[in-house]
Structures are given as structure tokens and as C-alpha cells.
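Peer 1: Supplied in C-alpha cells, the structure appears directly below.
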Amino acid sequence: MIARELINHMIPPLKFTDDAHKAIVWMEEMRCNFLPVVDQSKFQGLLTEEIILDANDIEKLVSNFQLIGTKAFVTEEIHFYEIIKKANDLKVQSIAVLDKENNYLGVITLQDALAAFAQSAAVQTPGGILVLSMDMRDYSLAEISRLVEENNVKIVSSNIRIDDLDPSMIKLTLKINSLELNRVVATLERFNYKIIARFQEITAGDAERDRLDLLFRYLEI
């Protein structure tokens, strides 16, 4: 799924000539604490409820506020994985979508992107999750896939993250199509791969909060 398919058309953009009162009313109606700001079809950034409350001036024009998220935008063809990553990197709750001429098309909330992720094949496929730690120089997905497949198991998806404590190290998260993790773990450890975490899929009877915890562990955000 790509950016233009995830646009939330219920969230309207503010103009520079709008005032803080209008922004607050719209936020209440949309039940959100931010709104995108657009000037002459160009995305300018995000205005949040916190920024308005800090100013304590309900008549202040949008053009007079210091906006956040001025770089919180993607082009319409970007995959939703990249949208989630960008929202996380910039610490924002929404990402604007632009066309090829950099004109504003709409906005995607992080909640919308996560919902799309939750419906993806990688998440819906039953299985488990393994997190490996390794030196970047030792990383070879082809080699790791070969070892995993020796156990008649497939890697459904993978994600790499630089270790915050050591930039030369990475954390590799694997989603596999098997709930039986022991054989795969034993094979990887036999070839000196370090497994630092493992998670089995949550069953249908478990709490919704646990489902969300598993999703965020998979995303590592």
C-alpha cells in the first residue's frame, strides 16, 4: 500500500489566514491534536493544540505560529513502511502527502499507517518473531534465509535497525511463518548468530493491548 491510498480525507488543512480559534474548533471536531498547514497548495508544517495553548491567544493567525514537522512529508508513491519510519524519526503523529509538483494532496496519521501495517500479509501470516544482534559486516540475509529454510520455515519479512549503543552493530528482526522457534534458533546459534529476543504470535483470545505490544516490538519503535 502506498501513500496516496492512505490519505485521511477527513482531516482538513489550515491556511495562513485562519486563526487559532478555528484551528481549535476543527481539532475538536476531528478529535485530533494537530492539523496540517497549507499555503498556496504547498505544505508548510503542522500546528498542534499544544502550540496554540502555549500562545494563549485564540485570535492569533496561523501564519504567526512556529510550526513543527516542516519536513514531515512524503511523495504519493512512497510505501507505508517508509511512512511509519519517517513519522517515528521525526516524532510526529502525521505525515503530509505531496504530488510530483510538491503540491499538497492530504495527510496520513500514524494510526492510519499502523492500521495498514496490521493488515499486511507479513503481520497476518501466523508465525513468530526473532531478533538477532550482529556486526554489520556479518549481515547476509541470503545466508540467514538459507539457514532458516533448512528447517522448512520461510522468512515472511525482515527489518534492520542500527544498535543505539554501537553503530557498528545491527539488530535484525525476522518474522517467520512458524510458531515453533526452537529449531530455527538452534540452527542460527550453531552458526554463531546471537538471538537476543523471541516472540510467539499472540492467539485470538489474548488481550488487545498485547496485540499492540507485539506490533510495536516488531516495528521496534
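The values are calculated or read from the model by the stated rules, or taken from the named source; none is laboratory data. In this text, all values refer to a predicted model and were calculated from it rather than measured experimentally. For neighbour counting, all protein chains shown are included, and Cβ atoms are generated from backbone atoms with ideal geometry for every residue, glycine included.
Peer 1: Does D57 fit the bill of being at pLDDT below 95 and either closer than 17 Å to I2 by Cα or within 21 Å of the chain's Cα centre (by Cα) (or both)?
Peer 2: no
Peer 1: Further question on the same structure: Could you list, ordered by first residue, the pairs with Cβ atoms under 9 Å in which the first is in the stretch 79-94 and closer than 14 Å to I2 by Cβ and the second is part of a strand (DSSP E or B) and of a type outside the set (A, V, I, L, M, F, W, C), at least 6 apart or interchain?
Peer 2: Y81/N159
Peer 1: If D112 satisfies all but one of (1) more than 22 Å from the chain's Cα centre (by Cα); (2) outside the structural domain of D163 (by TED's automatic domain parsing); (3) among the acidic types (D, E), what's the number of the condition it fails?
Peer 2: D112 satisfies every listed condition except (1).
Peer 1: Give me a count of the residues in the stretch 18-37 that are acidic (D, E) and in contact with a helix residue (DSSP H, G or I) (Cβ under 8 Å, 6 or more places away or on another chain).
Peer 2: 2
Peer 1: In addition: Among the residues of the stretch 12-52, write down those that are without any contact (Cβ under 8 Å) to a residue 60 or more places away in the chain, part of a strand (DSSP E or B) and of a type in the set (D, E, K, R).
Peer 2: Result: D19, D39.
Peer 1: Only one of these is exposed (fewer than 14 other Cβ atoms within 10 Å of the Cβ) and under 20 Å from L35 (Cα atoms): D112, D89. Name it.
Peer 2: D89
Peer 1: Which of the residues that make up the stretch 177-201 are of a type in the set (K, R) and out of contact with any Leu (no Cβ under 9 Å at 6 or more places or on another chain)?
Peer 2: Matches in the stretch 177-201: R183 only.
Peer 1: Which ones in the stretch 167-195 are touching a helix residue (DSSP H, G or I) at 6+ places or on another chain (Cβ under 8 Å), assigned to a strand (DSSP E or B) and not β-branched (V, I, T)?
Peer 2: M169, L172, L174, K175
Peer 1: Related question: Among residues belonging to the stretch 53-63 that are among the acidic types (D, E) and not in a helix (DSSP H, G or I), point out the one that is surrounded by the fewest Cβ atoms within 10 Å (Cβ to Cβ).
Peer 2: Among residues in the stretch 53-63 that are among the acidic types (D, E) and not in a helix (DSSP H, G or I), the one surrounded by the fewest Cβ atoms within 10 Å (Cβ to Cβ) is E59.
Peer 1: Please count how many residues of the stretch 1-26 are among the hydrophobic types (A, V, I, L, M, F, W, C) and surrounded by fewer than 19 Cβ atoms within 10 Å (Cβ to Cβ).
Peer 2: Residues that pass the stated criteria total 8.
Peer 1: Taking the stretch 156-177 as the search range and keeping residues that are small (G, A, S) and closer than 15 Å to M136 by Cβ, which one is surrounded by the fewest Cβ atoms within 10 Å (Cβ to Cβ)?
Peer 2: Only one residue tops the list, namely S168.
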